[in-house]
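> After the structure tokens below, expect a handful of questions from me.
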């Protein structure tokens, strides 16, 4: 694929790097997204990030971005992090005209999953599902080394699968009972606030649980059970070799181990308990590498 610039556009940061033909990150930078300042500011920051990384011999640019995209046409349709003026933006065409190289665009968790399936925690596996646990929950599916996007490029929206129809927990999309509403970092903070009236982020809740806070312990266990149910749904629907979990919340040991136990208890067939559920290996480089691999 040659040497590619990979760009991972988040709500607060733009991660950019030069990726070799073997998938090694040769150089990396991070800039603020500055989404609150509007479309033009974000575009200027994306352009600046690429120019900062540009070197002679660059063969293309890969972009990973949260939300719904049309990979084939290079269009960003909508998502949770960027200004509404970005809606239906032909981002790939815009950058292609500026830099005179091929530009490919995809969902950020699709890129994460492609990287982990190709070079990370699921290297060598044929059927891989990626899951990112942070403020929300994102998903991606890779089969035989290729991203499965579905009819509308919306495959992998695992965070919006329904876990509990009776739950009053509201998802970022406004609906109730979704996986994201019950097992994300936001879910941890919300449930703890409902129990105590106190505002803590997910890390704070885990720390409180370690110190014996009963409400925090209950919050972590409830979230772990929801996460386990979501993992079981993935295993039973897609029967992958490996589910790779990334994002800040996956580092919480008080969530991770109970979630794995809940997963094994929830699957219908004993054979599904052998589905490998592993932590991501490539850390912050996964988005950059996956975006570059769109050119492979």
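> Looking at 43, 82, which is the one that is surrounded by 15 or more Cβ atoms within 10 Å (Cβ to Cβ), modelled with pLDDT under 95 and not in a strand (DSSP E or B)?
82
> Might you let me know whether region 276-283 holds any residue that is assigned to a helix (DSSP H, G or I) and surrounded by 18 or more Cβ atoms within 10 Å (Cβ to Cβ)?
No, region 276-283 contains no residue that is assigned to a helix (DSSP H, G or I) and surrounded by 18 or more Cβ atoms within 10 Å (Cβ to Cβ).
> Does region 280-294 hold any residues that are closer than 19 Å to residue 256 by Cβ and at pLDDT 95 or above, and which are they?
The answer is 280, 281, 282, 286.
> With region 93-153 as the region, which strands (runs of 3 or more DSSP E) entirely inside it contain at least 2 residues that are more than 23 Å from residue 249 (Cα to Cα)?
Once the strands (runs of 3 or more DSSP E) in region 93-153 are filtered for at least 2 residues that are more than 23 Å from residue 249 (Cα to Cα), what remains is 103-107.
> Would you mind finding the one in 244, 277, 267 that is within 22 Å of residue 148 (Cβ to Cβ), at pLDDT 95 or above and more than 20 Å from the chain's Cα centre (by Cα)?
267
> Sticking with this one: One residue is enough: does region 124-147 have a residue meeting the conditions touching a strand residue (DSSP E or B) at 6+ places or on another chain (Cβ under 9 Å) and without any contact (Cβ under 8 Å) to a residue 24 or more places away in the chain?
The answer is yes, given that some residue of region 124-147 is touching a strand residue (DSSP E or B) at 6+ places or on another chain (Cβ under 9 Å) and without any contact (Cβ under 8 Å) to a residue 24 or more places away in the chain.
> Then there is this: Name the residue that is nearest to residue 284 (Cα to Cα), counting only residues in region 234-252 that are in contact with a strand residue (DSSP E or B) (Cβ under 9 Å, 6 or more places away or on another chain) and part of a helix (DSSP H, G or I).
248
> When only residues in region 55-77 that are loosely packed, with under 14 Cβ neighbours inside 10 Å and either touching a residue at least 24 places away in the same chain (Cβ under 8 Å) or under 25 Å from residue 159 (Cβ atoms) (or both) count, which is farthest from the chain's Cα centre (by Cα)?
57
> Among the residues of region 155-164, is there at least one that is over 30 Å from residue 191 (Cα atoms), touching a residue at least 24 places away in the same chain (Cβ under 8 Å) and surrounded by 22 or more Cβ atoms within 10 Å (Cβ to Cβ)?
Taking every residue of region 155-164 in turn, none turns out to be over 30 Å from residue 191 (Cα atoms), touching a residue at least 24 places away in the same chain (Cβ under 8 Å) and surrounded by 22 or more Cβ atoms within 10 Å (Cβ to Cβ).
> OK, next. Among the residues of region 29-45 satisfying the criterion of being under 19 Å from the mean Cα position of the chain (by Cα) and in contact (Cβ under 8 Å) with a residue 40 or more places away in the chain, which is farthest from residue 88 (Cα to Cα)?
Looking at the filtered set, the residue picked out is 33.
> Out of (1) free of Cβ contacts under 8 Å to residues at least 24 places away in the same chain; (2) buried (at least 20 other Cβ atoms within 10 Å of the Cβ); (3) under 18 Å from the mean Cα position of the chain (by Cα), what's the single condition that is false for residue 150?
Going through (1) free of Cβ contacts under 8 Å to residues at least 24 places away in the same chain; (2) buried (at least 20 other Cβ atoms within 10 Å of the Cβ); (3) under 18 Å from the mean Cα position of the chain (by Cα) one by one, residue 150 breaks only (2).
The values are calculated or read from the model by the stated rules, or taken from the named source; none is laboratory data. Because the structure is a prediction, the values reported are computed rather than measured. Cβ atoms come from the backbone with ideal geometry, glycine included; neighbour counts cover every protein chain shown.
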